[in-house]
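Everything below concerns the one structure shown next.
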């Protein structure tokens with residue numbers, strides 16, 4: 001005997017279809033229309049929802065056993081009870097639904113708990129139907145349609161009524177919010193749909209750089225997915241998730257038909273507090289409020305007492321010349337090196353800026369010509385930074401976690417020769433000090449990918465008593481006694497914002513340096 005449940009069978013039952021119809025008609029036709037008293041429409045949705053939701057959840061999670069169906073009923077009960085007795089739970093649920101683009105404006109009303117006994121009716125009425133589902137002839141169209149309509153009915157929000165005081169027969173109050181900065185819909189008559197994108201929690205950010213020009217530097221690539229809020233007149237919503245902390249915060253605020261704006265503030269400017277969900281009197285709004293008035297024009301749509309609103313720069317002017325952003329095309333790159341003692345048999349430099357190197361174990365004569373396609377090591381560095389030629393005996397070793405050192409003998413001077421490939425966190429050449437300073441007069445610049453922000457840098461180099469400076473694309477010549485050091489600078493900048501999961505190079509703010517150091521001694 002098949003003891004499994006078939007939850008989809010409940011979606012064909014007259015009771016479930018009737019409850020779904022009542023839910024749809026009540027939420028989208030009766031609420032706010034004045035046909036039925038508001039207390040009745042307020043409770044009718046709750047009663048119908050207690051019949052629709054458990055079976056629908058069981059279908060979505062494919063509950064096949066009574067234990068799983070019981071968990072579905074308990075989950076509905078716990079969530080429903082929490083959002084009707086706890087403002088904090090209601091606010092959390094609103095934010096969660098906002099993440100999927102279906103925000104709820106929840107009214108905390110403990111009297112709605114009167115609907116919970118309907119879960120017992122759901123269990124007693126639908127378990128027998130689900131138990132006999134295997135013998136029912138499948139009706140895929142009905143089942144699929146019922147599921148789709150049920151999901152939409154359970155998450156769709158009905159339009160706010162003209163007056164909120166009569167929406168429930170219990171105590172009505174908007175859900176208080178927890179926020180350091182919040183937005184306020186200043187329109188007394190119409191709701192406002194707002195999308196908010198805060199900085200990605202995966203990013204690393206230099207607050208000083210972002211603060212210098214938030215409207216230009218805070219771009220879509222650096223932001224988390226949008227949370228959508230539907231704000232009834234004179235209501236509030238938190239700008240960010242206050243469970244996360246950082247030295248500074250930024251968010252993009254968008255609303256159809258209104259100019260977009262970037263909000264930027266330091267953590268020290270505001271304290272996290274509980275704010276009423278609705279504030280009718282403008283004088284009661286504190287300086288943490290960003291007031292949005294859709295009736296205003298242009299930049300006057302937004303108002304902030306602390307001046308944290310910045311217009312989004314459209315085609316903002318980026319630094320040019322030597323201050324322009326340096327792309328990733330100049331970075332050092334190489335394939336897996338042939339570590340150990342080898343002999344170079346062929347050296348070819350291509351138009352792509354990379355060497356194609358072939359090696360062998362050094363036994364016998366050099367091959368007369370390279371074998372097509374038999375490249376042992378690709379090395380992308382400045383052409384004049386790799387002094388070795390075919391026939392040279394080399395020792396190739398690792399340098400820290402991200403570098404390589406190639407040792408050999410200069411064929412012209414017979415000096416010991418070392419070529420150090422340095423990038424990311426690879427250690428410097430022994431005796432060499434390198435410090436990156438933001439170039440004077442250069443503003444932070446947007447790179448081409450990943451929203452990365454960087455500032456052109458000047459390297460201050462010291463080797464023994466010798467000191468000099470260099471920038472990207474330049475070669476610094478240093479000496480210390482009999483040792484000569486040439487530093488071919490490929491990348492020299494300071495990163496101001498980076499998403500480590502996206503951008504090449506180091507995954508932190510600060511110095512971003514790559515160079516080839518050629519040491520002769």
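What do you reckon, is residue 453 in contact with a strand residue (DSSP E or B) (Cβ under 8 Å, 6 or more places away or on another chain), within 27 Å of residue 388 (Cα to Cα) and touching a residue at least 24 places away in the same chain (Cβ under 8 Å)?
No.
Regarding residue 138, is this residue crowded, with 17+ Cβ neighbours inside 10 Å and modelled with pLDDT under 90?
Criteria not met by residue 138.
Would you confirm, using the coordinates I've provided, whether residue 424 is at pLDDT below 90, assigned by TED's automatic domain parsing to the domain that holds residue 495 and assigned to a strand (DSSP E or B)?
Taking the combined requirement at face value, the residue does not satisfy it.
For (1) more than 30 Å from residue 208 (Cβ to Cβ); (2) surrounded by 12 or more Cβ atoms within 10 Å (Cβ to Cβ); (3) out of contact with any helix residue (DSSP H, G or I) (no Cβ under 8 Å at 6 or more places or on another chain), each residue gets a yes or a no:
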residue	(1), (2), (3)
266	no, yes, no
270	no, yes, yes
281	yes, no, yes
292	no, yes, no
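List, please: which pairs have Cβ atoms under 9 Å, are six or more places apart or on different chains, and start with a residue in segment 276-300 that is farther than 19 Å from residue 190 by Cβ and assigned by TED's automatic domain parsing to the domain that holds residue 255 and end with one that is modelled with pLDDT of 95 or more and assigned to a helix (DSSP H, G or I)?
Taking only residues 6 or more apart or on different chains, the pairs are 276/284; 287/269; 288/269.
Inspect segment 76-83 for any residue being within 21 Å of residue 131 (Cβ to Cβ), modelled with pLDDT of 90 or more and not assigned by TED's automatic domain parsing to the domain that holds residue 195 and give the result as yes or no.
Within segment 76-83, one or more residues are within 21 Å of residue 131 (Cβ to Cβ), modelled with pLDDT of 90 or more and not assigned by TED's automatic domain parsing to the domain that holds residue 195.
Of the residues 412, 448, which single one is more than 40 Å from the chain's Cα centre (by Cα), modelled with pLDDT under 95 and assigned to a loop (DSSP other than H, G, I, E, B)?
Answer to the selection: 412.
Filter segment 113-135 down to the residues that are loosely packed, with under 15 Cβ neighbours inside 10 Å and assigned to a loop (DSSP other than H, G, I, E, B), then identify the one that is modelled with the highest pLDDT.
The residue in question is 117.
Just a yes or no: is a residue in segment 397-404 modelled with pLDDT of 90 or more, over 35 Å from the mean Cα position of the chain (by Cα), farther than 21 Å from residue 482 by Cα and in the same structural domain as residue 332 (by TED's automatic domain parsing)?
Yes, because at least one residue in segment 397-404 is modelled with pLDDT of 90 or more, over 35 Å from the mean Cα position of the chain (by Cα), farther than 21 Å from residue 482 by Cα and in the same structural domain as residue 332 (by TED's automatic domain parsing).
With the condition kept exactly as written, say whether any residue in segment 229-242 is under 12 Å from the mean Cα position of the chain (by Cα) and either buried (at least 18 other Cβ atoms within 10 Å of the Cβ) or in the same structural domain as residue 253 (by TED's automatic domain parsing) (or both).
Within segment 229-242, not a single residue is under 12 Å from the mean Cα position of the chain (by Cα) and either buried (at least 18 other Cβ atoms within 10 Å of the Cβ) or in the same structural domain as residue 253 (by TED's automatic domain parsing) (or both).
Could you tell me which numbered condition residue 331 fails, if it satisfies all but one of (1) at pLDDT 90 or above; (2) surrounded by 15 or more Cβ atoms within 10 Å (Cβ to Cβ); (3) farther than 30 Å from residue 375 by Cα?
Going through the list (1) at pLDDT 90 or above; (2) surrounded by 15 or more Cβ atoms within 10 Å (Cβ to Cβ); (3) farther than 30 Å from residue 375 by Cα, residue 331 breaks only (3).
For segment 243-261, which positions are crowded, with 18+ Cβ neighbours inside 10 Å and farther than 12 Å from residue 195 by Cα?
248, 249, 250
Report, by residue number, each residue of segment 212-261 that is farther than 20 Å from residue 185 by Cα and in a loop (DSSP other than H, G, I, E, B).
Listed by number, the residues that qualify are 213, 218, 219, 224, 225, 242, 243, 244, 245, 246, 247.
This table checks each residue for (1) modelled with pLDDT of 90 or more; (2) assigned to a helix (DSSP H, G or I); (3) closer than 20 Å to residue 130 by Cβ; (4) out of contact with any helix residue (DSSP H, G or I) (no Cβ under 8 Å at 6 or more places or on another chain).
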residue	(1), (2), (3), (4)
19	no, yes, yes, no
28	no, yes, no, yes
45	no, yes, no, no
69	yes, yes, yes, no
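Can you pull out the residues in segment 456-475 that are assigned to a loop (DSSP other than H, G, I, E, B) and in contact with a strand residue (DSSP E or B) (Cβ under 6 Å, 6 or more places away or on another chain)?
Matches in segment 456-475: 464, 471, 472, 474.
Exactly one of these conditions fails for residue 463: (1) crowded, with 23+ Cβ neighbours inside 10 Å; (2) out of contact with any helix residue (DSSP H, G or I) (no Cβ under 8 Å at 6 or more places or on another chain); (3) within 30 Å of residue 502 (Cβ to Cβ). Give me its number.
For residue 463, the failing item is (3).
Against the definition (over 28 Å from residue 317 (Cβ atoms), outside the structural domain of residue 94 (by TED's automatic domain parsing) and touching a residue at least 24 places away in the same chain (Cβ under 8 Å)), how does residue 217 come out, yes or no?
no
The values are calculated or read from the model by the stated rules, or taken from the named source; none is laboratory data. Since the structure is predicted, the reported quantities are computational estimates derived from the model, not experimental observations. Reconstructed Cβ throughout: ideal geometry from the backbone, glycine too, with neighbour counts over all protein chains shown.
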